[in-house]
Amino acid sequence: VLAALGSSFLYGFGFAYVRRYVSGDPLGIVVAQMIISLLVLTPVAVIYGSADMNAISPTILLAIVAQSLLSSGLGFILYYVAIARLGAGTASLASYLAPVVAVALGWVILSERMGWTGLLGMSIVVCGVALAAGIGAPLVLHGRRAFRRERANPLEMERG
């Protein structure tokens, strides 16, 4: 539980750390990251793991390789490219969209039920990400300016 809480807490710091201290070719960074992870985690898996090595078939091995390359590898490459191009703050907003995409795919592909609260929640997340990224900022700023003018001189707003 502490490891899960600690990793969640430090996740946000990772974006700023990468932006400031990590540079270079994203593919090279990801390959090095995956190799180091393999070297560190293999002994742990061998000692504490409970996998049945006789049950591993070529299909299972291919699935593991595909998962590693397509999901993790491609995901990390996009992560480093997004941080380099968009900045750490904007790139971190993609984390908020992952659950929205997962729920939408479950609804469309797996025919999972979607209620109005799910749609409302997804809309709130998407709007929040858009505002944080600056996409809806002109609308919000315009509304703020009108509110300030109204507070400053309410009679002027009624006449104008």
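Once a ≥ b ≥ c are taken as the square roots of the eigenvalues of the Cα gyration tensor of the stretch 10-85, is the result rounded (a/c under 1.5), prolate (a/b larger than b/c) or oblate (a/b not larger than b/c)? Prolate is the answer for the stretch 10-85, as a/c is 1.5 or above and a/b outweighs b/c. Ranking of 9, 76, 15 by solvent-accessible surface, largest first: 9, 76, 15 (1.4 Å probe, protein heavy atoms only, all chains present). Ranking 48, 96, 11 by solvent-accessible area of protein heavy atoms (1.4 Å probe, all protein chains present), from largest to smallest, gives 48, 96, 11. Full extension of the segment from residue 85 to residue 65, taken as 0.36 nm per residue of separation minus the current Cα-Cα distance, would add 4.4 nm. Per residue, the stretch 1-89 exposes 79 Å² of accessible surface when a 1.4 Å probe is rolled over the protein heavy atoms with every protein chain present.
Using the average count of surrounding beta-carbon atoms within 10 Å as a protection proxy, the listed peptides 111-118, 67-74 rank, highest first, as 67-74, 111-118.
The values are calculated or read from the model by the stated rules, or taken from the named source; none is laboratory data. Keep in mind it's a predicted model, so treat the numbers as computed, not measured. Virtual Cβ from ideal backbone geometry, glycine too; neighbours counted across all protein chains shown. When the accessible area is computed, the model is the full protein with side chains, heavy atoms only, and any ligands, DNA or RNA have been set aside. Shrake-Rupley method; radii C 1.70, N 1.55, O 1.52, S 1.80 Å.
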